[in-house]
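What follows is one structure encoded as structure tokens, with my remarks underneath.
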Amino acid sequence: MTIALQYSHITVNDVDEALVFYREALGLEVRNDVASGEFRWVTLGSAAQPGVEIVLSEPHAGRSQADGDALQELLTKGVLPMIVFRTDDLEATFERARVSGAEVLQEPIDQPWGPRDCAFRDPSGNMVRIQQESKA
């Protein structure tokens, strides 16, 4: 038996605005763009991991009004779980995201627990961390 991650969801206020960040600033490619009524889900991925995708959707997409409202409140507070990406060139990835206008939370630094990383907020306020691949 095998098991592998296929999708990870990121809740955003505006799918189009988030799409610009994840596609242009981070270099992910759009894999799917599915409309359902007034909502849509967009999946993106990296050529380095063809079987893994992130899914961008708004808080009320596919949820009850109450659940969507609760998720919107958490998104507004900036307390939804962060997403962490891995890169082989942290400095170049950081610069690409920085010049895109993304809010820089932390410039690249060596962390005491091992990785070299940096952090941004996406346009909806989600924390996005980027770590340098280990050289070992």
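Quick note: the coordinates plus some simple rules give every number you see, no bench work behind them. What you see is a predicted model; the values in this text were computed from it and never measured. Virtual Cβ from ideal backbone geometry, glycine too; neighbours counted across all protein chains shown.
Figures for the structure shown
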| item | result |
| --- | --- |
| Distance in nm between pseudo-label sites at residue 2 and residue 16 (7 Å out along the Cβ direction from Cα) | 4.0 |
| Cα long-axis angle, helix 90-99 against the chain (0 to 90 degrees, to the nearest 10) | 50 |
| Förster radius 41 Å - calculated FRET efficiency between residue 134 and residue 39, Cβ distance, rounded to 0.05 | 0.60 |
| Radius 10 Å from Cβ of residue 42, net charge of other residues (Lys, Arg +1; Asp, Glu -1) | 0 |
| Degrees between helix 65-77 axis and first principal axis of the chain (Cα, 0 to 90, nearest 10) | 30 |
| Size of charge dipole - the chain - debye, nearest 20, with Cβ of Lys, Arg +1 and Asp, Glu -1, no other charges | 300 |
| Mean separation of Cα contacts under 8 Å (6+ apart) over length of the range 7-132, as relative contact order % | 25 |
| DSSP beta bridge pairing in the chain, given as percent antiparallel to the nearest 5 | 70 |
